[in-house]
Amino acid sequence: TLRKLLFLLCWILLWAGLRDAAAQGRILRFVYCSDLHYGLEREFRGGRATSSEVNRAMLEAFPMLEKAVLPEDGGVLAGEAFGEADFVVCTGDIVNRMQAGVQTAAESWAEFERDWLGALDVPLYLVPGNHDISNAIGYPKGLDPGLDATVAAEIYNRTMQPDTLRSAA
């Protein structure tokens, strides 16, 4: 499936970076997140919250990882503090438009951009999820608008940094 292919691509890119870091004797620390699903309301901390509120709370929690002590399990840095992350990987589903009444991918990207871009002191690597791609190429159920490639185009622009930026069109 597309999600498995994207996941594999993400890990190949990470493996290449890890191999280079290992050759230099460095330990890479990274934060992984997925399924942000902007445009939804969720149960959160005993009440209802927008996905933007949930995602901002997650971002605000990232600095706590620096002091978090890893378990004494024989793994890398066992019993030591995690330290500062080298990068963050987000494997998509920035949008969630497979239900009626959920905002457009363009609106979801605007919320994601406001919350995430510039909020991190480390690189952010994005991989589109199945919701992001289905918005770009179409979904079996009718959506309004039928296609919204905003997130797929923006992830492409940030990742590939082309001379000519892609648009949702």
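The values are calculated or read from the model by the stated rules, or taken from the named source; none is laboratory data. None of these values were measured; they are calculated from a predicted model. Positions of Cβ are backbone-derived with ideal geometry, glycine not excepted, and every protein chain shown enters the neighbour counts. Ligands, DNA and RNA are stripped out before the accessible areas are found, and what is left, the full protein with its side chains, is counted by its heavy atoms. Shrake-Rupley method; radii C 1.70, N 1.55, O 1.52, S 1.80 Å.
Here are the numbers for this structure:
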item	result
Linear extension gain, residue 141 paired with residue 68, 0.36 nm per residue minus alpha-carbon span	21.9 nm
Carbon plus sulfur fraction of accessible area for the range 116-169, probe 1.4 Å, in percent	51
Simple label model, 7 Å out from Cα along Cβ direction - residue 30 to residue 84, nm	1.9
Potential extension, residue 41-residue 61 segment - 0.36 nm per residue separation minus Cα distance	5.2 nm
